[in-house]
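Only one structure is covered here, and it is reproduced in the block below.
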Amino acid sequence: MDLSFLDRVLQIVKDERKKDVPLVRFKHPEELEAILDLDIGQEVNDDDLERCVRQVLQYSVKTDKATFKNQLYGCTDPYGLAGAWIAEAFNTSQYTFEVAPVFTLIELKVLNHILNLFGIPNGDGIFSPGGSVSMLYALVAARFKAFPEVKRKGMRNLPEMVIFTSEDSHYSIRKAAHWLGFGTESLRPIKANEHGQMIVSELEKAIEREKKENRYPVLVNATAGTTVLGAIDDLNDIANVCKKHGVWMHVDACWGGSLMLSPKYRSKLLGVKRADSISWNPHKMAGAPLQCSVFLIKERGLLHEANSAAAQYLFQQDKFYDVSYDTGDKSVQCGRKIDAFKLWMMWKSRGDIGLSVLTDKVMSIAQFCLSATSKMEGFRLVSEKLQCPNVCFWYIPKFMRNKDENEEWWDLMHKITPKIKEQLTLTSKLMVAYSPLRQHKNFFRLAFTFHPELNENQVIEMLNAVKLSGEAITKEMFP
């Protein structure tokens, strides 16, 4: 096999990561289709292929830039990236010790380290494609624990089950309810307070109400780092309610779980060790290359019981080695990437202390941004409480200030925020997310990640870019 083209790839990546390369050269879909040579019917030589690849990357978003703040992920950890390239090159599947001997040991070692970090040393876990799949794992485990017969007989003759989650929680729980046959109407959204945290008293009332109606509360989904505000629910109080009513407690820590890496900030997730299951996405804040997600469960053995299918061609029990190391039957997947190796590379190179330093730095820069935003003219914070490194705000242009903030005023602000984002994207100054939330009209969310490490000047430049684009907005743009 000729691998010479791979020598070109590293240079292509280095060229696309140079400082003078813009964040995005935005083109609409029909423009891109006209510019790019994407047809695959005819073979090309390596020179033409390189030209095509460079063109593809030319019009792709550079997620390694400090100004990419559009999602809850960003630039990859360089050691994690190296791990990802090695993993792809070896094309190993994680299901059996037979085909992935060292990678199996690495996954178990990393999982055990994470289980200790989250305070459940005797638990179990599996790497999954992302938080949405981890949510499926949690619901399957909770249902199986309550009704083991569901694995053989399905949901017939079982009581009507209900699921409780914050109104600000991730949408994946709605999809999971649908996919697993609960139905989206089985969800009971619980009100959140002004800072985005589930109101625990409302949760308990909802559980009691459902029990009186002879419905079975199967799972409470607490959140440690909501998608928009970065809110962390009171995990201890939720655990008390779950214990009282005998309900499975899952913690969606896909975003905020990275705070556990820091002795200074892990107290924000106080009570997480009381959960029955936890999900964490190192590919978000911590910068592991997509995809790298972990599902943890307190009860060892339950993951295998709930998910195993004992395929005789893969998980034979009469192999010549210890088959307890064939961990793939715990997974809903068969073929499974060696995602643990990417995280192992990061952790091996930096250690606990190195990752802790990165956590402290990202929270420090987010706190600086929060403070700076509160003082800059035209900016208004949605919440002044920093829970995760999320800073949410409106920018109010001069022509909108000192006016009666009635419904009409807010309706116009709702349109102004995406217009500012459009200008920022088209000028390649900044890619930043915006969202409405409950009673709030569209506002911006700046979410900070471990990589690239930012300084205070870069944060001020981002805020100034928002201000500059905001002041270019006029009322006449909204007929």
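The values are calculated or read from the model by the stated rules, or taken from the named source; none is laboratory data. The structure presented is a predicted model; accordingly, all values stated were derived computationally and were not measured. Neighbour counts are summed over all protein chains in view; Cβ atoms, including those assigned to glycine, are modelled from backbone coordinates with ideal geometry.
What to note about this one:
- Yes/no for Gly354 being free of Cβ contacts under 8 Å to residues at least 12 places away in the same chain, under 30 Å from Tyr137 (Cβ atoms) and not acidic (Asp, Glu): yes
For (1) at pLDDT 95 or above; (2) under 30 Å from Gln367 (Cα atoms); (3) surrounded by fewer than 18 Cβ atoms within 10 Å (Cβ to Cβ), each residue gets a yes or a no:
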| position | (1), (2), (3) |
| --- | --- |
| Asp252 | yes, yes, no |
| Gly271 | yes, yes, no |
| Gly301 | no, no, yes |
| Asp329 | no, no, no |
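- Some residue of the stretch 374-392 being touching a residue at least 24 places away in the same chain (Cβ under 8 Å), over 16 Å from Ser258 (Cα atoms), assigned to a helix (DSSP H, G or I) and of a type in the set (A, V, I, L, M, F, W, C): no
- Single condition Ala288 does not satisfy, out of (1) small (Gly, Ala, Ser); (2) out of contact with any Gly (no Cβ under 6 Å at 6 or more places or on another chain); (3) surrounded by 21 or more Cβ atoms within 10 Å (Cβ to Cβ): (2)
- Restricting attention to the stretch 249-269, the residues that are in a loop (DSSP other than H, G, I, E, B) and among the charged types (D, E, K, R) add up to 1.
Here's the yes/no breakdown for (1) at pLDDT below 95; (2) in contact with a helix residue (DSSP H, G or I) (Cβ under 7 Å, 6 or more places away or on another chain); (3) on the phi > 0 side of the Ramachandran plot:
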position: Glu107; (1), (2), (3): no, yes, no
position: Phe118; (1), (2), (3): no, yes, no
position: Phe147; (1), (2), (3): no, no, no
position: Lys153; (1), (2), (3): yes, no, no
position: Ile173; (1), (2), (3): no, yes, no
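- Tally of residues being touching a helix residue (DSSP H, G or I) at 6+ places or on another chain (Cβ under 9 Å), crowded, with 18+ Cβ neighbours inside 10 Å and not in a loop (DSSP other than H, G, I, E, B) across the stretch 442-463: 8
- Just one of the listed residues (Ile460, Ile473) is farther than 29 Å from Gly225 by Cβ, out of contact with any strand residue (DSSP E or B) (no Cβ under 7 Å at 6 or more places or on another chain) and β-branched (Val, Ile, Thr), namely Ile473.
Rundown of residues vs (1) in a helix (DSSP H, G or I); (2) within 30 Å of Gly301 (Cα to Cα); (3) not assigned by TED's automatic domain parsing to the domain that holds Asp329, yes/no style:
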{"position": "Gln71", "(1), (2), (3)": "no, no, yes"}
{"position": "Trp85", "(1), (2), (3)": "yes, no, no"}
{"position": "Ser93", "(1), (2), (3)": "no, yes, no"}
{"position": "Glu98", "(1), (2), (3)": "no, yes, no"}
{"position": "Leu105", "(1), (2), (3)": "yes, yes, no"}
{"position": "Leu111", "(1), (2), (3)": "yes, yes, no"}
{"position": "Ile120", "(1), (2), (3)": "no, yes, no"}
{"position": "Gly125", "(1), (2), (3)": "no, yes, no"}
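- Taken as a whole, the condition of being out of contact with any Leu (no Cβ under 6 Å at 6 or more places or on another chain), modelled with pLDDT of 95 or more and under 24 Å from Val61 (Cβ atoms) applies to Lys421.
- Some residue of the stretch 432-447 being basic (Lys, Arg) and either in the same structural domain as Asn193 (by TED's automatic domain parsing) or over 14 Å from Trp394 (Cα atoms) (or both): yes
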